[in-house]
Each structure stands twice: as C-alpha cells, then as structure tokens.
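**Q** A single structure is presented below for examination.
The values are calculated or read from the model by the stated rules, or taken from the named source; none is laboratory data. What you see is a predicted model, and the numbers here were worked out from it, not measured in a lab. As a convention, Cβ positions derive from the backbone with ideal geometry for all residues, glycine included, and neighbour counts pool all protein chains shown. Surface areas here come from the heavy atoms of the whole protein model, side chains and all, with no ligands, DNA or RNA. Shrake-Rupley method; radii C 1.70, N 1.55, O 1.52, S 1.80 Å.
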Amino acid sequence: MSAELIQEAKQLFADVFGGQATFVTSAPGRVNLIGEHTDYNEGFVMPFCIDRFTVIAARPTTGSVCRVTSAQGGVRGAIASFPGDSSLTPAPSGDWTNYMSGVVKEYLAKLPSGVCAFDAAVVSTVPLGGGLSSSASLEVATATLIEAIYQLRVDPKEKALLCQRCEHNFCGTPCGIMDQFISACGRAGHALLIDCRPPFATEHVPLSDPRLALVVANSNVKHTLSGSEYPERVQQCKDACAAMQAAGHPEVPLTVYLYTYIFIFIYMYMYIYIYIYIYICIYIYIYICIYIYLYIYLYLYIYPPSPAKPPVAAQSPPLTRRVLL
C-alpha cells in the first residue's frame, strides 16, 4: 500500500471533517485462482490478495452517530450518517454505507457500552464492481477500524465471519466466506487455500516461484452481487443439495468431495503405473535390440563360424593277400 493513498485518505478526512484523523486502517482486494461458486457450497477456494486497497482515515467521536464520506462515486465530500447503537437498520438497497453500518451492527455486542461513534473518510484503489471484492475490503477495513478504536482483539477468522454476516443481513448478498477471509487473513506473496466447511481451515501457499507469473486483466465489465444472478445461483445450489439430501443422501457435500478425492487418487496412480509400464516396455525393447545387435556382431565379426571342410572320401580297407603256404 502506497503512502500516497494513506495521505489521500487523511487529506479527505481533514477537508470534510476538519482536524486530523487519529486512526488509519486498510484491507486489500483479491483475485481467485480456483474455486468459483464453491465457497457457499462448502468447497475449496484459493484466492490471493492484490496491490489494490481500501483505506479508511478516522477519528472516534462522542455520542452514537457514525459519519462517513467517500472519494468514490457520488459527490466527493458528501457526508452520510447512521446510528451506532441498537437502533441501526439497513439503508435502502444499493447504499454503499451498508457495507460499513452492517459491520458496526455486528460489532456492537463486543463494545463495552454497546455504542459506536466515529467520523471516517474512505478512499480505495479497488475497482468498484470489477470482481475484486471492493465490498469485502471495505467491510474488513471497517472492522479493523472498530477494533483499533475500541482496542478489541478479534481473531481474523471471526472478523471475516462478522463481515460475511454484514453482507447477508445489511447488503442482501448471500455470499460465501472467500472474499472476507482472504481480505482478513491474506498474507503478502501467498495464496490462501480455504476449506469452506466449518471450522474453515486455511493454509498459506507461497507464490515465490520465479517461473510463476500471475496476470490480472481488467475486463471493464461491472457487476453487483446483490442485484445480479449471484443470489439465483446460490439458491439453485441450495435447492439441488436439498433435493439430493431428500433422496437419501444426507452427506452430499462430504460424499462428493470423497468421491472426487478417490477419483483423483486413482487417476494419479493409474497415470504413474502407466508411465512405469511404458518405461519398462521401452527398457525391455532397448535391451532386446542391444542383445540382438551384439549377438549378430559377435557372430559375424568376432567369432565367425569356421569354413566347412570338404567331405573326406571313404577309404577302402587295404587289400590283403592270402598266402598259401
């Protein structure tokens, strides 16, 4: 994350709210390597963080009102506000502040007074609607801000799950856990392998191989999860799973994964055995060729057969004379 982006957030805060921000938090966007539409089906995904960030410059305030402004979209410097107490409810669908107010709502139970209040300025280099999880980066940056202001210690996985509930309850998006998990738990230079079944085991996979290059291309196609076919796909997967379970397969996800692993295991070993079999056949063929070659070479040049001798004519026994005495 560049110092210029941090300075931009601080300057926006000073321009809109006056004074200096006392906290600066950030969270990255992400790209997914493998596992599309599998996180909400308890599958495996492996995203990685990118060098695009959402940065929040903020200052705690008294009372129970949160005021926020953003450099993206709308009128730069426009202030939106929402209550930071139990009266907090979602704004109309499509309002960007839901990604912050929803996180505040999830954290209220963790605050000593049950009240949250701050002024915050948001800037971001994560393209909006580009499929790079700009919403998750805003949620995780907001969660990190609340933890910093109120000195909370929250496990990164729990933070990700709280931000996911924000998407479900305030933003109307039935998303899985991938976007929030990589933004909260990601590590520079690594992909994050996530098992999307509870308890959500994760593994950081190094991307340090110099022969590896990952290219992220911008298609310039925008989308919104809450108003797209995404919720429809989620519901279709749930209906399919419910139908298979009703047909007597209560452990559909586990069974599918088990069969998949068995197939991969068998395929790998078949491949290995076929490779070994071919190698042995080639070795035997070469051995036989060499043997025949050596045999012919020795027979013709080193130890040639002796020339045939002409047959010997049969000799008659010597004539004897009988001498009569």
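**Q** Would you mind listing how long the range 96-227 runs along its three principal axes, going by Cα atoms, in whole Å with the largest first?
**A** Cα extents, longest axis first: 53, 31, 28 Å.
**Q** In what sequence, highest mean first, do 232-243, 278-289, 95-106, 30-41 appear when ranked by Cβ atoms within 10 angstrom?
**A** Highest mean packing first, the order is 95-106, 30-41, 232-243, 278-289.
**Q** Computed FRET efficiency, Cβ-Cβ of Lys222 and Ser86, R0 45 Å: what is it to the nearest 0.05?
**A** 0.80
**Q** Over every pair of different alpha-carbon atoms in the range 1-158, take the mean of 1/r and invert it; report that Kirkwood radius in Å.
**A** In the range 1-158 this quantity evaluates to 16.2 Å.
**Q** Return the distance in nm (one decimal) between the two label points of a simple spin-label model at Ile302 and Leu108, each offset 7 Å from Cα along Cα→Cβ.
**A** Distance between label points: 9.5 nm.
**Q** Would you mind working out the magnitude of the charge dipole of the range 160-245 relative to its Cα centre, with +1 at each Lys and Arg C-beta and -1 at each Asp and Glu C-beta, to the nearest 20 Debye?
**A** 100 debye
**Q** Using only Cα atoms, what Kirkwood radius does the range 165-208 have, in angstroms?
**A** The answer is 11.5 Å.
**Q** Moving to a separate point now. Using the Karplus curve 6.51 cos²θ - 1.76 cosθ + 1.60 with θ = phi - 60°, work out ³J(HN,Hα) for each residue of the range 176-193 in order, rounded to whole Hz, and write x for Gly and Pro.
**A** So the J values, rounded to whole Hz, are x, 9, 4, 4, 5, 5, 5, 5, 8, 10, x, 9, 4, x, 9, 8, 10, 7.
**Q** How much accessible area per residue does the range 153-222 have, in Å², with a 1.4 Å probe?
**A** Accessible area per residue, the range 153-222: 56 Å².
**Q** By per-residue mean of other Cβ atoms within 10 Å, what is the highest-first order of 43-53, 108-118, 133-143?
**A** Sorting 43-53, 108-118, 133-143 by mean packing, highest first, produces 133-143, 43-53, 108-118.
**Q** How do the peptides 79-86, 268-275, 201-208 rank, highest first, by the average count of neighbouring beta carbon atoms within 10 Å per residue?
**A** Ranked from most to least packed, the peptides come out as 79-86, 201-208, 268-275.
**Q** Could you compute the FRET efficiency for Tyr293 and Tyr273, with r as their C-beta to C-beta distance and R0 at 35 Å, rounded to 0.05?
**A** 0.70
**Q** Taking amide H positions as placed 1.01 Å from N in the peptide plane, with prolines and chain starts having none, which residues 5 or more places from Ala191, or on another chain, fall under 5 Å of its amide H?
**A** Excluding prolines and chain starts, which carry no amide H, the hits are Val205, Leu207.
**Q** Please give every one of the lysines within straight-line cross-link reach of Lys105, meaning a C-alpha to C-alpha distance under 23 Å, and leave out same-chain neighbours fewer than 8 residues apart.
**A** Of all the lysines, those that pass the test against Lys105 - Cα under 23 Å, at least 8 places apart if same chain - are Lys157, Lys159.
**Q** Okay, moving on. Please work out the C-alpha center-to-center distance from the range 22-72 to the range 87-119 and express it in whole Å.
**A** So the two Cα centres are separated by 15 Å.
**Q** Roughly how many nanometres apart are two label points built 7 Å out from the Cα toward the Cβ at Leu212 and Cys281?
**A** Here the modelled spin labels are 3.5 nm apart.
**Q** Ok, one more. So what is the relative contact order of the range 80-143, in percent, for Cα pairs below 8 Å that sit 6 or more residues apart?
**A** This gives 35 percent for the range 80-143.
**Q** Still on this structure, I have one more. If each residue of separation counts as 0.36 nm, what is the full-extension length gain between Phe23 and Glu229 once their alpha-carbon separation is subtracted?
**A** 70.4 nm is the gain from fully extending Phe23 to Glu229.
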